[in-house]
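Novice: Before I ask anything, here is the structure I am working with.
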Amino acid sequence: MLTCLAHIPHHHQQQQHNHGKLPKRHGHGEEHVTVTVKGVSSIAETENNFICATLDWWPSFKCNYGQCPWGMAGILNLDLNNQILKNAIKAFNPLRIRIGGSMQDQILYKVGNNIKNCPQITNDTNGLFGFSQGCLTMERWDQINNLFTQTGAIVTFGLNALFGRRKLSDDGLYGDNWNPQNARDLIQYTIFKGYNVDSWELGNELSADGVSARVDADQYGRDMITLRNLINELYNNKTNKPRILGPGGFYNETWFKTFLQVSGPNVVDVVSHHIYNLGPGKDLDLIYKIQDPYFLNRVAQMYKDIKNTVQSFGPWASIWLGESGGAFNSGGKYVSHTFVDGFWYLDQLGMTSTYNHKTFCRQTLIGGNYGLLNTTTFIPNPDYYGALLWHRLMGPKVLSTTHSGSPYLRAYSHCSRTKGIAVLLINMSNSTTFTVSVADDINLNLDSESKNVENSYREEYHLTPKDGNIQSDVLLLNGSPLVLSESLDIPPLNPIKVDASSPIKIVADSIVFATLPDFKAPACVQS
């Protein structure tokens, strides 16, 4: 990954509907760059299902900045029989889905004898985020699990961590122990029905300063022990116990350190944290931040810090980015669902994987402006296809990847899912074409290598926006628009085959995935 120290200011434009016409970023013409991949050993490893997408609880009347971008995409009102939704999940074979979000600590489960009333979410100025409590019926839980069974999804469910607590102060601090009874009833029902939940997470954004509510780190650590004991008890005769995750909030070194020390060894399996490094969805500069490599680099230190904290205080746990939609409060209306968002999203996938994050959960699969699927039509947005290509091409082993060219060219490589390596190249310049040679770090670059391999080739996937408009919702793969089939299936993502001795050409404002089957990377040889 590139490290850039200075922050070069860019021109602030005050409109977002500029149809992708931006001030010129970075020179012009063509620039040749050698990308060096260290194939001897991997620097990190993700889970097999690194790509994850979220479903959220927001009601249709969740509004920000004069718009209401959730429609009927919340967990309680989503059309679970939509064929495009089913096909979009199935295409990943499997997709990891996290059910959670801001409202989860106000959701009751209508099961057992504990919950008498099953309230619907309404506007409530006294409630968290301005909403009342809501309720998940077991009929709805059955429907949700039916979708997951049909599509093979791997499920993480976020539990209500405020159940049984009382508010101690006006700044949102909640005290007393978590009452696990309602969670116990839901988990027992889930086991009884044979539903496969891969992992249970406790609470949403209650860490450190919290967002609308918070819990002290030592209290949360004790609650995590309660959840661990509950899972051990309820799944005691099961060979595969679900993992438990926490805290699903924003990173703060002292809070995370305390929580890990209090909960102790082998209680939490995954330390989950959230990132919204692009700021609020209404920011008029959002589109420029996404295309600014210096801005995107700012978050790297935090990924490194959380990696170090977990290594030092919870080495038994892995790290997930449990939620990120780039811009918070539902994302940017004209930006987060368009081609340009891929510069942020795919760069974050590359960056987090180098810092040993095992999973990256995109907010959202559907809902808000940042959904991988359009909230009303369910048609995939450009980032859906970026996620699917990553999932199919980039294997778990992460390789060190560097170059000394322009910072507007981002480069990441992993062992391929099949043979050799897979490379992701992102060209954030709107005026420069990069021609890239991929070399290994002992200068056996590919064209000298490929002479020894008869008919050596690579496969390329060039992603560009329709009509060159970076704010288009339509993605071109190797020049052809990606559209659903007549039966609403996800289209095939076919590469072009290229002579491996030629450089990879990445035009301005484009993204390229390439697989190099003959690249000699000892780290990638299947043992």
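Novice: Multiply the residue gap between residue 139 and residue 117 by 0.36 nm, knock off their C-alpha separation, and tell me the result in nm, one decimal place. Numbers along the way, then the final one.
Specialist: Values: separation 22, 0.36 × 22 = 7.92 nm, distance 1.50 nm.
Full-extension gain reported as 6.4 nm.
Novice: Here is a follow-up. Based on the Cβ-Cβ distance of residue 257 and residue 284, what FRET efficiency does E = 1/(1 + (r/R0)^6) give at R0 = 25 Å, to the nearest 0.05?
Specialist: Result of the calculation: an efficiency of 0.10.
Novice: For region 73-96 and region 219-275, compute the distance between their C-alpha centroids and round to whole Å.
Specialist: Between the Cα centre of region 73-96 and that of region 219-275, the gap is 28 Å.
Novice: Counting only protein heavy atoms, what percent of the accessible surface of region 79-134 is carbon or sulfur at a 1.4 Å probe?
Specialist: Exposed carbon and sulfur together represent 40 percent of the surface.
Novice: Hey, what's region 345-441 come to in accessible area per residue, 1.4 Å probe, Å²? Mind dumping the intermediate values first?
Specialist: Working: 1790 Å² over 97 residues.
I get 18 Å² per residue for region 345-441.
Novice: Next question, about the same structure. Highest first, please rank the peptides 126-138, 396-408 by the mean number of other Cβ atoms sitting within 10 Å of their residues. Write out the running numbers ahead of the final one.
Specialist: Working: 126-138: 17.0, 396-408: 19.5.
Result, highest mean first: 396-408, 126-138.
Novice: Also, quick follow-up: Rounded to the nearest 0.05, what FRET efficiency do residue 146 and residue 499 give with R0 = 60 Å and r taken as the Cβ-Cβ distance? Could you check?
Specialist: Efficiency, rounded to the nearest 0.05: 0.80.
Novice: Quick one: work out the % antiparallel among DSSP beta bridges in region 272-384, nearest 5.
Specialist: That works out to approximately 10 percent antiparallel.
Novice: Antiparallel DSSP bridges in the chain: what percent, to the nearest 5? Display every interim value, and only then the final one.
Specialist: Numbers: 44 of 93 bridges.
The antiparallel fraction comes to roughly 45 percent.
Novice: Per residue, how much accessible area does region 251-299 have with a 1.4 Å probe, in Å²?
Specialist: Spelled out: the 1.4 Å probe surface of region 251-299, per residue, equals 32 Å².
Novice: May I ask you to give the solvent-accessible area per residue for region 95-214, in square angstrom, as obtained with a 1.4 angstrom probe?
Specialist: 40
Novice: Could you tell me the calculated FRET efficiency between residue 233 and residue 82, based on Cβ-Cβ distance and R0 = 35 angstrom, to the nearest 0.05?
Specialist: On the way: r = 37 Å, r/R0 = 1.07.
E between residue 233 and residue 82, to the nearest 0.05, is 0.40.
Novice: Taking a 21 Å limit on the Cα-Cα distance, which of the listed pairs 86/282; 167/307; 466/505; 86/466 fall beyond it?
Specialist: Where the Cα-Cα span goes over 21 Å, the pairs concerned are 86/282; 167/307; 86/466.
Novice: Quick check: the angle from helix 341-354's long axis to the longest principal axis of the chain, C-alpha only, nearest 10 degrees?
Specialist: 80
Novice: Hey, another quick one. Give the carbon-plus-sulfur fraction of the accessible surface of region 197-277 in %, rounded to a whole number; probe 1.4 Å, heavy atoms of protein chains only.
Specialist: Reported share for carbon and sulfur atoms: 40 percent.
Novice: Given the protein chains as shown and a 1.4 Å probe, how many square angstrom of residue 212 are accessible, to the nearest 10?
Specialist: 40
Novice: Considering only protein heavy atoms and a probe of 1.4 Å, how much of the accessible area of region 370-527 is carbon and sulfur, as a whole percent?
Specialist: 51
Novice: Report, ordered by chain and residue number, the lysines lying within cross-link reach of residue 238, taken as a straight Cα distance under 27 Å and ignoring same-chain residues fewer than 8 apart.
Specialist: Correct list for residue 238: 90, 110, 193, 358.
The values are calculated or read from the model by the stated rules, or taken from the named source; none is laboratory data. Predicted model only: the values in this text are computed from it and were never measured. With ideal geometry, Cβ positions are generated from the backbone for all residues, glycine too; neighbour counts draw on all protein chains shown. SASA here: full protein model, heavy atoms, side chains in, ligands and nucleic acids out. Shrake-Rupley method; radii C 1.70, N 1.55, O 1.52, S 1.80 Å.
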